[in-house]
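The values are calculated or read from the model by the stated rules, or taken from the named source; none is laboratory data. The model shown is predicted, which means the values in this text are computed figures rather than measured ones. Here the Cβ positions follow ideal geometry from the backbone for every residue, glycine too, while neighbour counts run over all protein chains shown.
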2 protein chains.
Amino acid sequence: MGKQTKIKAVFFDIDDTLFDSTTLAKMARMNAVKAMIESGLPLANVTQGYNLLMKIVNKYGSNYDKHFDKLLEILGCEWDPKIIAAGVVAYHDTKQAYLKPDPEVVPTLIALRDKGYKLGIISNGKSVKQWEKIIRLGLHHFFDIVVISEEVGSEKPDTKIFEVALKKLNVEPYEAVYVGDNLETDILGANKAGMISIRILKGKHKEGKPAGKMMKPRYSIKKLSDLLSILKKLDR
Amino acid sequence: MGKQTKIKAVFFDIDDTLFDSTTLAKMARMNAVKAMIESGLPLANVTQGYNLLMKIVNKYGSNYDKHFDKLLEILGCEWDPKIIAAGVVAYHDTKQAYLKPDPEVVPTLIALRDKGYKLGIISNGKSVKQWEKIIRLGLHHFFDIVVISEEVGSEKPDTKIFEVALKKLNVEPYEAVYVGDNLETDILGANKAGMISIRILKGKHKEGKPAGKMMKPRYSIKKLSDLLSILKKLDR
């Protein structure tokens, strides 16, 4: 009756998988714009400012560090450190308030460790920035390995970043599960690498449809704790 | 008896004048080193790490953003984003906890405004960074003007930065008081600009002795609220 494969490792994406990064980013940017308006940014309302800011974020990328400077520029304002600082303070305070793991995350990670699974993170981004999130989420003691694209020189959906992680834990792809929210990076990448892909329906990618067979997740879950029953099934 | 000069404006330094930046910097760095050791930095104790870190801060300046990377380098460690992120998180959390105005600051500023004085800040540093401090201290609504060296292109003790501030408030130097902790920047600069210099005995410069006549403060105070009696005397 089919070959018996024991799952040895469970890998996770960070953003919109372990915490609600879509809400965090939205609220942080809204509050930043609000604080900037209160400090003199000439805008009629927060929504108008938020939409302009999102155009800047999409154009320059989310790791660019002059979003607020650009917002002033677009509005034809002189550079004003008071307005920029008001935005920075509000952004960071909001970020910290929302940088909490989703409620089922810690119990699920504990249950997985109790059952003997190795746990890892495979994430795209800047290493220090991603580690800051893991530490602020209070999750840094749960993972056996953390692999971030900046250090590997390979980004999801490339298979290399998944292979580096598998090798570090000495696990074959078919012995590993990967959980993420993004079809184009997480699911496509895990499938290409030969891992068991699990899509978590969260955040801004929740409504997306797979563009092709390789983007189809093996399983879909609504919350992280649903993982436990899937693993039970896979190990039967 | 003597000419009657009404004081119109009171200017302030920020660090170690409005808040205890010496303690903040020390505790933030100590806690950063502690967190880095807990994350694997090979050091026998926090003091050893703190002393190494201070050598790096003194060599590269306090606005350099790779202090922790350099600390790993000096210790012969590979670059480790987990250790660096642990330091960054502890540093920022400690900084926020200590970024509070000294207890007498807000009542003193309110009393000064009630008496009709114009209030200003004259500070060396990066504009957004200094504004972030002012906002986090909750003092941004008290000041009529804030002049920071990055925008003026002149640093204390140069007279230009003082002159820019005086001009903005349309005040003559002899109608203005400047309060700061540092003899070499605050007091020398205010004296050269012809303002009434007041030294506040706080922070790491507390024990310093004036090197020459131009570094001698007109008055010395122990806490900001002592300003009120000096101004009373000056206006008599």
Residues satisfying the stated conditions in segment A:79-107, i.e. in the same structural domain as A:I14 (by TED's automatic domain parsing) and surrounded by 21 or more Cβ atoms within 10 Å (Cβ to Cβ):
A:V105
Kindly provide the set of residues from segment B:186-209 that are in contact (Cβ under 8 Å) with a residue 40 or more places away in the chain, part of a strand (DSSP E or B) and within 18 Å of B:Y174 (Cα to Cα), ordered by number.
B:I196
Of the numbered conditions (1) surrounded by 13 or more Cβ atoms within 10 Å (Cβ to Cβ); (2) within 30 Å of B:F142 (Cβ to Cβ), B:L71 satisfies every one except a single condition; which is it?
(2)
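On the given criteria, is B:G120 within 14 Å of another protein chain (Cβ to nearest Cβ), touching a residue at least 60 places away in the same chain (Cβ under 8 Å) and more than 25 Å from A:D93 (Cα to Cα)? Even if it seems obvious, please write down each step before you answer.
Working: within 14 Å of another protein chain (Cβ to nearest Cβ): yes; touching a residue at least 60 places away in the same chain (Cβ under 8 Å): yes; more than 25 Å from A:D93 (Cα to Cα): yes.
Yes; evaluated as a whole, the condition is true for this residue.
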Those helices (runs of 4 or more DSSP H) lying entirely in segment A:57-167 with at least 3 residues hydroxyl-bearing (S, T, Y):
A:81-98
Going residue by residue through segment A:168-177, is there one that turns out to be at pLDDT 95 or above, acidic (D, E) and within 16 Å of the chain's Cα centre (by Cα)?
no
Among residues of segment B:74-106, those that are away from chain A (no Cβ under 14 Å), more than 17 Å from B:D16 (Cα to Cα) and touching a residue at least 60 places away in the same chain (Cβ under 8 Å), counted
0
Residue that is of a type in the set (G, A, S), within 26 Å of B:L99 (Cβ to Cβ), part of a helix (DSSP H, G or I) and more than 14 Å from every other protein chain (Cβ to nearest Cβ), where the choices are B:S220, B:S225:
B:S225
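In the set B:K115, B:K55, B:K129, which member is in contact (Cβ under 8 Å) with a residue 40 or more places away in the chain and exposed (fewer than 14 other Cβ atoms within 10 Å of the Cβ)? Break it down into steps so the answer makes sense when it comes.
Values: B:K55 fails: in contact (Cβ under 8 Å) with a residue 40 or more places away in the chain; B:K129 fails: exposed (fewer than 14 other Cβ atoms within 10 Å of the Cβ).
Among B:K115, B:K55, B:K129, only B:K115 is in contact (Cβ under 8 Å) with a residue 40 or more places away in the chain and exposed (fewer than 14 other Cβ atoms within 10 Å of the Cβ).
Yes or no: segment A:30-45 includes at least one residue that is out of contact with any Lys or Arg (no Cβ under 8 Å at 6 or more places or on another chain), in a loop (DSSP other than H, G, I, E, B) and of a type in the set (K, R).
Applying the first criterion (out of contact with any Lys or Arg (no Cβ under 8 Å at 6 or more places or on another chain)) to segment A:30-45 yields A:30-38, A:41-45.
Okay, now just the ones that are also in a loop (DSSP other than H, G, I, E, B), so A:41-45.
From what's left, of a type in the set (K, R): none.
No, that holds for no residue.
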Report yes if some residue within segment B:135-144 is buried (at least 22 other Cβ atoms within 10 Å of the Cβ) and outside the structural domain of B:N63 (by TED's automatic domain parsing); otherwise report no.
no
Search result, residues across segment A:210-227 that are exposed (fewer than 14 other Cβ atoms within 10 Å of the Cβ) and either touching a residue at least 24 places away in the same chain (Cβ under 8 Å) or β-branched (V, I, T) (or both):
A:A211
B:K160 is checked against (1) among the basic types (K, R); (2) in contact with a Ser or Thr (Cβ under 6 Å, 6 or more places away or on another chain); (3) surrounded by 22 or more Cβ atoms within 10 Å (Cβ to Cβ) and fails just one. What number does that condition carry?
(3)
